[in-house]
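What follows is calculated from the coordinates using simple rules that are stated; it is not laboratory data. From a predicted model like this one, the values you see are computed outputs, not experimental measurements. Note: ideal-geometry Cβ built from the backbone for every residue, glycine included; neighbour counts use all protein chains shown.
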Amino acid sequence: MQGKVLGILTLKHIKTDNLGFAMPVNALKELVAKPNPVPMSRWLTIGVLNPKLWKLHLGSQWTQHAGVIHADLPGDGFGGRALCLSSQSVPEGTFAIATTVRLDDEAGAAGLAFCSDGGDKHYGFYPSGGKLRLTRFDGPDVYSWTILADVPSEAYKAGEWNTLRVRVQPEKITCFVNGQKVIETDDTGLRGGVAGLCKFRTTVADFRSFRIGTDLTEKPLNAELASKFRSEIEANLAQASTRDQTLDKLLTDPAAARRVITEQRKKLEDEATKLRELERELHRRAMTKDILTELGKPEPEINLLRCTLLLSRHDNPEIDVTSYVNAFNAMIADLKDDPEIKKGTLPAVKRLNRYLFEENGFHGSRGDYSNRSNSYMNEVLDDREGLPITLSVLYVELASKLGIQGVFGVPLPGKFMVGYRDGPEGELQLVDVFENGKLLTVEQAALDLTDSGQFPEGSLDPTTKQTILLRMLRNLLGSSFDETRSIRESMPYLDLVLAIDPTAAAERLTRAQMRQRLGEKAGAREDVNWLIENFPENGPPELIQQLDRWMQSLREE
C-alpha cells in the first residue's frame, strides 16, 4: 500500500523451486480499490473437473475448459496409467461409449476406459504409437494386462481429433475410430462397471464429447436432403450463387447442412493430403534417382559434395543445390592460386586448416550434436557447423578440386577423420576436422578413440564416396528413431539406404519391421523374402527358422 513491495508472488514453477512468477503491485491497485474476494475452497475449483461428474483414479492432472478435458502429467499407475471415470450410469446389457481425443504426441496413449471396477480392472481402447489398441487390465502391473488387439488403421488421423467409439455386448466388444470398425473381440473377461477416459505414460491429451448410451452410431442423413445441400454447396464454390443465397437454403436444416459441409471438407482435405504425399514421394524418388546416377560414375568422377547436397534436398525440396555448388566453387577460387596450396600435401593441408577453421570459422557442433542440421551439407555451409563426417566431406572435396594429393576420408570407429600422406610412401597422418583441424598421428587417435589403443583392420583405409554417403544417411536414420518421431519419418531413409546398397541386411530387417507396423504387409513380405533368399550359408539355423515363421505370419495376417 505504501509502495514498499514491488510484486506479489503468485505462481511457482512446477519443475523447479528456484523460479517464481510475481504480479506487479501496480496491477493489483484496482483489485485493492474494488476487491472481489473468492474463498480459497471455491478458487481451487476453477478449471477442475466437477467431482459430482468425474472420479479420478491413479492421479495425473485433469482439467476442463470450454468443454475440453485436458490430461497432463504421468499417472501414479504402472506405465503412467491414470483414469478419469464418469459418474454417468452405464446401461445394462448392450451399451456404447464414445469420445473425441487428440494426442500431443503419437508415441503416447490415451482414450476410452470401460467395464471398470473403479480401480485397476477395466478395458482400454486407445491410440498408441500410431496404432489402435484394445487392452484388458486385470490388475495394477503389466503382468496382469492382456493386449487383445493392436492394429493400424487408415481411418485414424495422426495429430488430429479422432472419434473413438466402443460397443459392448454380452458376447463381444467392437471398437471404431472415426466411424470405421477396427477391432472386434469375443473377450468377456470384464462386464458392467463404469466408463470414462484413460491415459498412459507422459502423454498430454485433450478429450471432448464424452458420451454413454445404448446406440451412439451416427445416423445417416436423408439422401434427398444431403443431395440438395451438396448441390447448394457446389453452386457456392463455383460462384453460381452468393453466400447469402446458399446460407438461406442451408438454414432449413443447419445440423444436416453442417454434416454435409464437414463430409465434403474432409473429402477435399483427404484428397489434398494424398496429393501432398504423392508430391513428396515423387520428389524423394527423383532425388534418389539423381543420387544413384551420380554414384554410378567411376569413383574419381563422383561429385561427393553434390551427392550430399542432394541428400539434404531429399528432405527439403526448397534447397537450391546450384547456389551451394556456386558457394563451394567460390571457396575453390579463394585458394586455387594460393602458393602454399601448390607447395605439396603438407603445406596445403596446413593452409586448408587455416582457411576453414581460422579464417572462415568452420567448427564441430557445440550444441545439439544429433540435430539433423549437422548432417545437411547446405546447413553446414550456411552455419559453418557440422559433424565430423560432414566437415570431412567439405575438406576432402576442397582438397580434391584444388589438386592436393594424398587427402582422403578415413572411417575411424566413433569418429570420421581426414587422412593424408605427404608422398606415396609417406606415413599416414590424421586431421580431426571436428576439433578445428587438429593434426594427429594414428597412435594418438587410437589412444583417444579405442580402449585397446589400436584400430580394427581396414579402418585406416581410404573409404569410397558411396560408403561416406551411406554413413551420413545412417546418422540421419539414427536421429529419426527418436521415440517422439513418427515411424514414417524413418522410412524414406531406409528406402534410400536400400536403393544405394540393396545388400544392407540390417536396414532390410528394420524396414520389414517398420512396414509390418504400418500395415504394409506386401512390402514387409518382400523384405522378409529377400532376407530368407540371401541368408548366409553359415548363418545360425534358429535365425532362418525365425524368418520362416515371420513370413508365415505375414501370409496369414
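Give, in nm to one decimal, the length gained when the segment between Asp248 and Thr467 is fully stretched (0.36 nm per residue of separation minus the Cα-Cα distance).
Contour length minus Cα-Cα distance gives 72.2 nm.
What is the helix-to-structure angle for 254-295, meaning the angle in degrees between its Cα long axis and the longest Cα principal axis of the chain, kept from 0 to 90 and rounded to the nearest 10?
That works out to roughly 10 degrees.
Can you give the FRET efficiency to the nearest 0.05 for Gln545 and Ala499, using r as the Cβ-Cβ distance and R₀ = 22 Å?
Values: r = 30 Å, r/R0 = 1.35.
The pair Gln545/Ala499 has a calculated efficiency of 0.15.
Arrange the peptides 367-377, 421-431 so that the one whose residues have, on average, the most other Cβ atoms within 10 Å appears first. Walk me through the numbers before you get to the answer.
Working: 367-377: 17.0, 421-431: 14.7.
Packing order, densest peptide first, comes out as 367-377, 421-431.
How much net charge surrounds Tyr156 when only the other residues with a Cβ under 14 Å from the Cβ of Tyr156 are counted, with Lys and Arg +1 and Asp and Glu -1?
+4
Using only the alpha-carbon atoms, how far is helix 465-480 inclined from the longest principal axis of the chain? Give it as 0 to 90 degrees, nearest 10.
Helix 465-480 and the main axis of the chain meet at about 20 degrees.
Please identify every one of the GluC sites (Glu not before Pro) in the stretch 64-173 that sits in a loop by DSSP and has no more than 14 other beta carbons within 10 Å of its own beta carbon.
Answer in residue order: Glu92, Glu154, Glu160, Glu171.
Amide H of Thr463: which non-local residues (sequence gap of 5 or more, or other chain) have their own amide H closer than 5 Å, using H built in the peptide plane?
Gly409
Amide H of Trp145: which non-local residues (sequence gap of 5 or more, or other chain) have their own amide H closer than 5 Å, using H built in the peptide plane?
It is Asp138, by chain and number.
Out of the chymotrypsin sites (Phe, Trp or Tyr not before Pro) in the stretch 417-521, which ones are loop residues according to DSSP with at most 15 other C-beta atoms within 10 Å?
Those that pass, being in a loop and sparsely packed, are Phe481.
Which loop GluC sites (Glu not before Pro) in the stretch 283-321, with loop taken from DSSP, have no more than 14 other Cβ atoms within 10 angstrom of their Cβ?
Within the stretch 283-321, the qualifying GluC sites (Glu not before Pro) (loop, at most 14 other Cβ atoms within 10 Å) are Glu318.
Along its principal axes, what span do the Cα atoms of the stretch 503-557 show, with the longest given first and each in whole Å?
Ordered largest first, the stretch 503-557 gives principal extents of 32, 23, 13 Å.
Diagonalise the Cα gyration tensor of the stretch 329-480 and give the resulting equivalent ellipsoid semi-axes, square root of 5 times each eigenvalue, largest first, whole Å.
23, 21, 13
Would you mind ranking Met331, Met417 by Cβ crowding within 10 Å, fewest neighbours first?
By the 10 Å Cβ count, ascending, the order reads Met331, Met417.
Calculate for the chain the 222 nm mean residue ellipticity that helices alone would give, adding -39,500 (n - 2.57) per DSSP H run of length 4 or more and normalising by residue count, nearest 500 deg cm²/dmol.
About -12000 deg cm²/dmol.
Largest first and in whole Å, what are the equivalent-ellipsoid semi-axes of the stretch 188-246 based on the Cα gyration tensor, each being the root of 5 times an eigenvalue?
Taking √(5λ) for each eigenvalue gives 42, 19, 9 Å, largest first.
Hey, what did the stretch 503-557 get for relative contact order, percent, Cα under 8 Å, at least 6 apart?
Numbers: 36 pairs, mean separation 17.2, N = 55.
Taking the mean separation of contacting Cα pairs over the length of the stretch 503-557, I get 31 percent.
How large are Rg and Dmax for the chain when only the alpha carbon atoms are used, in Å?
Calculated on Cα positions, Rg and Dmax stand at 31.2, 92 Å.
Pop out the ³J(HN,Hα) list for the stretch 133-138 in order, Karplus 6.51 cos²θ - 1.76 cosθ + 1.60 with θ = phi - 60°, rounded to Hz; leave Gly and Pro as x.
The phi angles translate into 10, 10, 10, 9, 9, 9 Hz.
Please report the net charge: other residues with Cβ closer than 13 Å to the Cβ of Ser312, K and R +1, D and E -1. Please list the in-between numbers first.
Details: positive: Arg284, Arg306, Arg313, Arg372; negative: Asp290, Asp315, Glu318, Asp320, Glu379, Asp382, Asp383.
After counting each charged neighbour, the total is -3.
If you stretched the chain out fully between Asn26 and Leu9, how much longer would it get, using 0.36 nm times the residue separation minus the C-alpha to C-alpha distance?
Computed gain between Asn26 and Leu9 is 4.8 nm.
Enter the Cα centre distance for the pair the stretch 512-557 and the stretch 130-166, rounded to the nearest angstrom.
26 Å
Provide the three semi-axes, in whole Å and in decreasing order, of the ellipsoid equivalent to the stretch 54-213 as defined by the square roots of 5 times the Cα gyration tensor eigenvalues.
On the way: eigenvalues 78, 63, 51 Å².
Taking √(5λ) for each Cα gyration eigenvalue gives 20, 18, 16 Å.
What nm value, rounded to one decimal, do you get for the distance between Ala155 and Arg201 when each label is placed 7 Å out toward the C-beta?
2.4 nm
Could you tell me the largest-minus-smallest coordinate of the C-alpha atoms of the stretch 223-280 on each of the three principal axes, in descending order and whole angstroms?
42, 23, 15
Which FRET efficiency value, to the nearest 0.05, do you get for Thr94 and Gln513 by plugging their Cβ-Cβ distance into 1/(1 + (r/R0)^6) with R0 = 35 Å?
Using R0 = 35 Å, I get an efficiency of 0.35.
With labels modelled as points extended 7 Å from the Cα through the Cβ direction, what inter-label distance (nm, one decimal) is found for Thr273 paired with Glu537?
5.0 nm
Here are some pairs, Lys4/Lys29; Lys350/Lys415; Lys438/Lys465; Lys266/Lys521; Lys131/Lys274; Lys52/Lys121; which of them have Cα atoms lying more than 18 Å apart in this structure?
The answer is Lys350/Lys415; Lys438/Lys465; Lys266/Lys521; Lys131/Lys274; Lys52/Lys121.
Against the longest principal axis of the chain, how steep is helix 304-315, in degrees 0 to 90 to the nearest 10, with axes from Cα atoms?
0 degrees
Tell me the label-point distance for the pair Arg265, Asn316, using the 7 Å Cα-to-Cβ offset, in nm and rounded to one decimal.
My value for the distance between the label points is 3.3 nm.
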